[in-house]
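A.B. asks: Mind having a look at this structure? Questions to follow.
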Amino acid sequence: MTLNFTFDFGAMKAALLYLASKHLPNFDKYRALKLLFLADREHLLRFGRPITGDSYNALPFGPTPAATHKLLDGLESVAIEGDDTEDPRVLELVKSLCVGEIPYPVYQPREAPDMDALSETDLIVLDHVAAEHGSKEFKQLKDLTHEMAAYKRALRDDQNRKRFAMKFEDFFVETPDRLDLLADIKEKHLLEEIFPDTTCA
């Protein structure tokens, strides 16, 4: 079975605002996407699940959370270009983040993150990623993420395609000591498929 998770917009928004509140240098869309990738990857490897649940694509500029990328494109389209949108999640981001225009659209929080949307381990990992990678130059982040096995395994030399799905299983390639955790995650997901929770709220 292929490992998949469910995208959690509330957790993504909270994580994004939490990172933005750290006043990291040049915290624009591309830096945000890379830091969220590093946080999702680390949390999966340490605690058995990503923070945001987003799926990942290998693009020429690096690993990219698919849903988050689309939402941040929508945010900038509204905030910078003045376009309209009917996506309530984009509108929520517009209210939550101030997007600068010069020289790059840097993100600043308009509101505090919803801490109830993040677990203690989410915060541990986000703090670590911010401290470890938040001040790196974009080229450093690009070089770091481009060398990761999951990205290199997904990317293809194809003139007709620029987007290739990454596999969460490949996040574990560089950490063979965590393969037991991967097996546990797969077993848990398989059991959830066979015996779905039908409890009524």
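A.B. asks: Out of PRO105, PRO113, which single residue is in contact (Cβ under 8 Å) with a residue 40 or more places away in the chain and closer than 20 Å to GLU132 by Cβ? Before the answer, list the steps.
C.D. replies: Numbers: PRO105 fails: closer than 20 Å to GLU132 by Cβ.
Going through PRO105, PRO113 in turn, the sole match is PRO113.
A.B. asks: Could you list, in sequence order, the residues of the stretch 44-54 that are surrounded by fewer than 20 Cβ atoms within 10 Å (Cβ to Cβ) and assigned to a loop (DSSP other than H, G, I, E, B)? Outline the logic, then answer.
C.D. replies: Here is the first cut: in the stretch 44-54, the residues surrounded by fewer than 20 Cβ atoms within 10 Å (Cβ to Cβ) are 45-49, 53.
Correct list: GLY48, ARG49, GLY53.
A.B. asks: When the residues of the stretch 1-43 are narrowed to those that are touching a strand residue (DSSP E or B) at 6+ places or on another chain (Cβ under 6 Å) and not in a helix (DSSP H, G or I), which ends up surrounded by the fewest Cβ atoms within 10 Å (Cβ to Cβ)?
C.D. replies: Only one residue fits best here, namely SER21.
A.B. asks: Follow-up. Going residue by residue through the stretch 55-72, is there one that turns out to be modelled with pLDDT of 95 or more, farther than 30 Å from ARG153 by Cα, among the aliphatic types (A, V, I, L, M) and not in a helix (DSSP H, G or I)?
C.D. replies: Looking through the stretch 55-72, none of the residues is modelled with pLDDT of 95 or more, farther than 30 Å from ARG153 by Cα, among the aliphatic types (A, V, I, L, M) and not in a helix (DSSP H, G or I).
A.B. asks: Right, here's the next one. With (1) more than 22 Å from ARG31 (Cβ to Cβ); (2) hydrophobic (A, V, I, L, M, F, W, C); (3) touching a residue at least 40 places away in the same chain (Cβ under 8 Å) as the list, and LEU126 as the residue in question, which single condition is left unmet?
C.D. replies: With respect to (1) more than 22 Å from ARG31 (Cβ to Cβ); (2) hydrophobic (A, V, I, L, M, F, W, C); (3) touching a residue at least 40 places away in the same chain (Cβ under 8 Å), LEU126 is out only on (1).
A.B. asks: Additional query: For the stretch 144-169, give me each residue that is polar (S, T, N, Q) and touching a residue at least 60 places away in the same chain (Cβ under 8 Å). Show your work before the answer.
C.D. replies: Within the stretch 144-169, the first condition is being polar (S, T, N, Q), and the residues that meet it are 145, 159-160.
Selection gives THR145 alone.
A.B. asks: Please tell me if LEU123 is closer than 18 Å to PHE47 by Cα, hydrophobic (A, V, I, L, M, F, W, C) and out of contact with any Ser or Thr (no Cβ under 7 Å at 6 or more places or on another chain). Let's see the steps before the verdict.
C.D. replies: Numbers: closer than 18 Å to PHE47 by Cα: yes; hydrophobic (A, V, I, L, M, F, W, C): yes; out of contact with any Ser or Thr (no Cβ under 7 Å at 6 or more places or on another chain): yes.
Taking the combined requirement at face value, the residue satisfies it.
A.B. asks: Next up: Report, ordered by the first and then the second residue, all pairs with beta carbons closer than 9 Å, sequence separation of six or more or different chains, a first member in the stretch 174-198 that is closer than 15 Å to THR2 by Cβ, and a second member that is among the acidic types (Asp, Glu).
C.D. replies: LEU182/GLU169; LYS186/GLU169
A.B. asks: Right, something else. Are any residues in the stretch 99-126 at pLDDT below 95 and of a type in the set (Gly, Ala, Ser), and if so, which ones?
C.D. replies: Of everything in the stretch 99-126, just one residue is at pLDDT below 95 and of a type in the set (Gly, Ala, Ser), namely GLY100.
The values are calculated or read from the model by the stated rules, or taken from the named source; none is laboratory data. Please read all numbers here as calculations on a predicted model, not as lab measurements. Neighbour counts run over all protein chains shown; Cβ positions are idealised from the backbone, glycine included.
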